[in-house]
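Below is one structure, written out as structure tokens, with a few remarks after it.
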Amino acid sequence: MSGANNYIPMWLLAELTYACPLQCPYCSNPLQLPANRKQELSTEQWLRVMREARKLGAVQLGFSGGEPLVRKDLVQLIEAADDMGFYCNLITSAVGLTAEKITSFKEAGIKHIQISFQGSTKETNALFGGTDSFEHKLAMTKEVIAQGIPLGLNFVLHRQNIHQVSDFLEIAQELGAEFVELANTQYYAWALHNRDQLLPSSEQLEEAEAATNRFRAQHKGRMNVIFVAPDYYEKRPKKCSNGWGTTFITVTPEGDVLPCQSAKIIKGLQFPNVREESLMDIWRESDLFNRFRGTQWMQEPCASCPEKEIDLGGCRCQAFMLTGDVNATDPICEFSPDHHLITDAIAAAERDELAEQKAAPLLFRNTINAKKMAEKEN
């Protein structure tokens with residue numbers, strides 16, 4: 001366990017709440033959400049978490065959710081984090097955001113705001129997000145830029161909106177954004193449940209990337225555009241959160257501490273809580289954070305792979321979700337004995353252009369909003 005002292009958690013992700021006005025069918029929050037918000041950490045508890053993370057060496061702090069704007073103490077938390085020396089990021093849908101709040105966040109010390117869009121039109125944004133918020137998102141994006149706060153736009157791509165890539169980029173350019181992330185859905189939590197309806201075909205993916213490259217060529221240097229492909233179309237896995245227990249700490253609304261956002265899906269692990277232990281003890285001494293540090297835990301084919309230090313066996317959550325074995329090679333890897341699980345999913349995505357109409361309906365995070373949207377569409 002002494003090896004834990006060699007790692008510094010550079011990034012603290014503070015998931016302040018799971019409450020959210022959106023219904024996204026690819027939401028990274030757990031499928032089983034708490035029935036109420038009474039179990040959320042208090043302001044004082046979050047302040048202690050931030051102090052302990054800073055003492056460990058964390059320098060980046062992301063306020064996320066759910067929707068962090070739901071928290072009434074958000075300005076207080078931002079101000080305290082800035083005083084501690086964190087570079088503070090706000091990750092938001094912009095639902096509930098106002099010009100006055102942006103001003104207060106800026107005065108409190110926010111250094112970056114990320115706003116997500118669920119579609120490139122009012123209709124698609126409402127369909128996948130469940131709110132009539134498109135025009136408001138546009139207005140708040142302009143306001144963030146006007147107030148001089150660095151901004152990132154996040155467009156989450158999937159089978160049913162990936163054809164809108166050019167539209168997303170034109171919107172970002174018109175708004176004056178400096179940074180855009182075209183983030184293809186990664187298949188965890190709600191997105192895994194909806195994978196058959198969300199995974200794009202290789203043709204769709206190639207067309208979207210080509211459209212992105214054309215935009216880059218035409219508008220070279222004016223806007224930084226990142227295109228993130230789905231893991232499923234890679235032959236080699238990525239490091240699990242840049243290395244399990246080496247770089248990131250996620251604290252959930254109820255205080256559980258995780259090496260990545262999705263770790264709670266892994267059955268059989270014990271998840272320490274900041275109400276009971278210090279963040280330093282959790283980072284350095286807990287079985288959870290030490291479980292997959294390094295390479296000694298690996299089984300074949302990872303154990304003898306010459307690239308094991310590069311990808312560290314891939315994503316532990318993905319390995320567990322798809323194989324039921326948390327120690328397995330990430331099936332994304334072409335050398336995994338379970339790689340057929342990925343190729344089968346891709347093959348299904350390649351079949352029939354009418355797959356969306358034949359597939360089961362999407363399961364939206366907020367089923368009440370989903371039902372209302374469906375009735376409105378019909």
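Summary table
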quantity	calculated
Built amide H within the under 5 Å cut-off of Gly130, gap 5+	Gln23
Qualifying trypsin sites (Lys or Arg not before Pro) in the range 232-308, DSSP loop, other Cβ atoms within 10 Å at most 14	Lys235, Lys267, Arg275
Approximate spin-label separation Arg351-Lys239, in nm, with each point projected 7 Å along Cα-to-Cβ	3.9 nm
The range 5-76: trypsin sites (Lys or Arg not before Pro) in DSSP loop, at most 12 other beta carbons within 10 Å	Lys38, Lys72
Stretchable slack from Gln173 to Glu209, in nm (0.36 nm times residue separation minus alpha-carbon distance)	11.2 nm
The chain - accessible surface per residue (Å², probe 1.4 Å)	45 Å²
Thr250 long-range amide H proximity, modeled H, under 5 Å	Leu13, Leu258, Cys260
Antiparallel bridges, percent of DSSP beta bridges restricted to the chain (to nearest 5)	10 percent
Stretch gain in nm, segment Lys106-Asp287, where the contour uses 0.36 nm per residue and the Cα spacing is subtracted	61.3 nm
Estimated FRET transfer efficiency when R0 is 41 angstrom, pair Arg37-Ala99 (beta carbons, to 0.05)	0.95
Stretch gain in nm, segment Lys72-Ile226, where the contour uses 0.36 nm per residue and the Cα spacing is subtracted	52.2 nm
Label corresponding to mean projected area of the Cα convex hull in nm² when calculated from the structure given, among (1) 20.2; (2) 18.7; (3) 22.4	(2)
J(HN,Hα) series, the range 85-91, from Karplus relation 6.51 cos²θ - 1.76 cosθ + 1.60, nearest Hz, glycine and proline x	x, 6, 8, 9, 10, 10, 10
Sites Ala146 and Thr295 - FRET efficiency at Förster radius 41 Å, r taken between beta-carbons, to 0.05	0.25
Carbon and sulfur %, accessible surface of the chain computed with the full protein complex present, 1.4 Å	50 percent
Cα centroid separation - the range 184-202 against the range 112-143, whole Å	21 Å
Overall dimensions of the range 143-234 as given by Cα atoms, namely Rg and Dmax in Å	13.9, 41
Loop-exposed GluC sites (Glu not before Pro) per DSSP, neighbour cap 10 Cβ within 10 angstrom, longest uninterrupted part of the chain	1-275
From phi via Karplus (6.51, -1.76, 1.60), per-residue ³J(HN,Hα) for the range 311-316 in Hz, x at Gly/Pro	10, 6, x, x, 7, 5
Virtual spin-label span in nm between Glu276 and Gln218, 7 Å along Cα→Cβ	5.6 nm
Pairs beyond 25 Å (Cα-Cα), from Lys72/Lys267; Lys111/Lys137; Lys72/Lys264; Lys38/Lys72; Lys72/Lys238; Lys142/Lys239	Lys72/Lys267; Lys72/Lys264; Lys72/Lys238; Lys142/Lys239
Cα-based Rg and Dmax for the range 180-339, where Dmax is the largest Cα-Cα distance (Å)	17.8, 55
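The values are calculated or read from the model by the stated rules, or taken from the named source; none is laboratory data. Computed from a predicted structure; not experimentally measured. Backbone-built Cβ (ideal geometry, glycine too); neighbour counts: all protein chains shown. Just so you know, the surface numbers come from the protein's heavy atoms only, side chains and all, with ligands and any DNA or RNA stripped out. Shrake-Rupley method; radii C 1.70, N 1.55, O 1.52, S 1.80 Å.
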